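Structure first, commentary second.
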Amino acid sequence: MRAGHVALVGRPNAGKSTLLNHFVGQKVAIVSDKPQTTRHRIVGVRTTAAAQMVFLDTPGIHKPVHRMNQRMVDAAYGALRDADVVVWVVDATARPGAGDAFVLQRLRSVEVPLLLAINKIDLVRKPRLLPLIDHFSAAKTFHAVVPISARTADGLPALESEIAAALPEGAPLFPEEYVTDQTERSLASEMIREKVLMHTRDELPYSVAVTIDQFEEASEGNQTTRIFASILVDADSQKPIVIGRGGEMIKRIGMEARRDLETMLGGPVFLDLHVKVREDWRDNERLLDELGVGSGPRLA
Ligand SMILES: Nc1nc2c(ncn2[C@@H]2O[C@H](COP(=O)(O)OP(=O)(O)O)[C@@H](O)[C@H]2O)c(=O)[nH]1
Ligand SMILES: [Mg+2]
């Protein structure tokens, strides 16, 4: 048996979280087309007969602006330190540029096996892949280079066997049925944030956070899980955008989030959403702690 930590790193929007969800077989990380969707490290575990892969999904590596971003980038670097194998996920539809050079810089010191996953091949024609592979291979020696599509699952079995083969021999770190370190509470807040990201544009996705104020689990007498949550924005002007005309937007966010939450929890959900203005929450260390932005506890 082989077992160990596999860090998924790369630029924002490369498809790391989509890949993680595929590997663990359920949604443990939210996905959006807005960069910087993932704000903290997420553990997702895949156990097969041959190996246990403890994936570390990370925020994209980028130049930090707010304290929030510094914490996000630190979380990615922390995962690099904890990993037995590193998978660098790049977007095949994006021209390699300064962002990749920046990531590469951080990967120079990686001493464990480094794999390159060229993602989103469902969107590019085959002849475009070769120059990409050449470009990256010229800059660094990879344990393996695997073209994949995290969306269609094309190439994922090949990537999985490369990862498994690169892991150290050892006993599983988690019980076989263990899937994620994310609590229902944190999954709930992320699912709500995903719907906000889905329906808003421009600066708003970056300046939104979701707190769970109260989470009442279902019981024998009452099958409904009751969740009270707040959507934080960092300026007065953003509040009406989230609420929408006549409350139309917040209603839609609530309905879609509730549907996902019911699937996750396997029962009816009552969801109460409030929009609050918290100026500068992205630079408020205490709030960032509360929101769990950043690296979280180091792994043993
Ligand atoms: N077409 C296509 N889209 C993808 C693929 N992987 C991810 N995406 C999309 O790319 C965007 C960013 O994905 P996400 O997993 O959140 O990226 P992350 O920031 O690296 O975690 C989302 O809109 C995904 O649906 C892929 O293989 N093919
Ligand atoms: Mg992500």
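Does ALA75 satisfy the criteria of being in contact with a Lys or Arg (Cβ under 9 Å, 6 or more places away or on another chain), within 16 Å of ligand 2 (Cβ to nearest atom), modelled with pLDDT of 95 or more and not β-branched (Val, Ile, Thr)?
For ALA75, the condition - in contact with a Lys or Arg (Cβ under 9 Å, 6 or more places away or on another chain), within 16 Å of ligand 2 (Cβ to nearest atom), modelled with pLDDT of 95 or more and not β-branched (Val, Ile, Thr) - is not met.
Return the only residue of TYR178, TYR206 being in contact (Cβ under 8 Å) with a residue 24 or more places away in the chain, aromatic (Phe, Trp, Tyr) and part of a loop (DSSP other than H, G, I, E, B).
Answer to the selection: TYR178.
Collect the residues in region 1-39 that are surrounded by fewer than 24 Cβ atoms within 10 Å (Cβ to Cβ), of a type in the set (D, E, K, R) and within 13 Å of ligand 2 (Cβ to nearest atom), keeping them in residue-number order.
Scanning region 1-39 gives ARG11, LYS27, ASP33, LYS34, ARG39.
Residue by residue, here is whether (1) of a type in the set (Ser, Thr, Tyr); (2) over 22 Å from the mean Cα position of the chain (by Cα); (3) not in a loop (DSSP other than H, G, I, E, B) holds:
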| residue | (1), (2), (3) |
| --- | --- |
| VAL103 | no, no, yes |
| LEU132 | no, yes, yes |
| ALA138 | no, yes, yes |
| THR141 | yes, yes, no |
| ARG151 | no, no, no |
| LEU159 | no, no, yes |
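Does region 114-122 contain any residue that is under 22 Å from ALA7 (Cα atoms) and part of a loop (DSSP other than H, G, I, E, B)?
Scanning region 114-122 turns up at least one residue that is under 22 Å from ALA7 (Cα atoms) and part of a loop (DSSP other than H, G, I, E, B).
Residues in region 61-95 that are assigned to a loop (DSSP other than H, G, I, E, B) and either within 15 Å of ligand 1 (Cβ to nearest atom) or surrounded by fewer than 24 Cβ atoms within 10 Å (Cβ to Cβ) (or both): how many?
Number satisfying all stated conditions: 11.
Under 9 Å between Cβ atoms, which residue pairs at least 6 apart in sequence (or on different chains) link something in region 33-58 that is more than 10 Å from ligand 1 (Cβ to nearest atom) with a partner that is at pLDDT below 90 and of a type in the set (A, V, I, L, M)?
Here the result reads ARG39/LEU291; ARG39/VAL293; HIS40/LEU291; HIS40/VAL293; VAL43/LEU299; VAL54/LEU299; LEU56/LEU299, each pair linking region 33-58 to a residue that is at pLDDT below 90 and of a type in the set (A, V, I, L, M).
What residue, among those in region 40-60 that are outside any strand (DSSP E or B) and surrounded by 22 or more Cβ atoms within 10 Å (Cβ to Cβ), is farthest from ligand 2 (Cβ to nearest atom)?
Restricting to residues being outside any strand (DSSP E or B) and surrounded by 22 or more Cβ atoms within 10 Å (Cβ to Cβ), the top hit is ARG41.
The values are calculated or read from the model by the stated rules, or taken from the named source; none is laboratory data. Here the structure is a predicted model, which means the values were calculated and not measured. Every residue, glycine among them, receives a Cβ derived from its backbone with ideal geometry; neighbour counts consider all protein chains shown.
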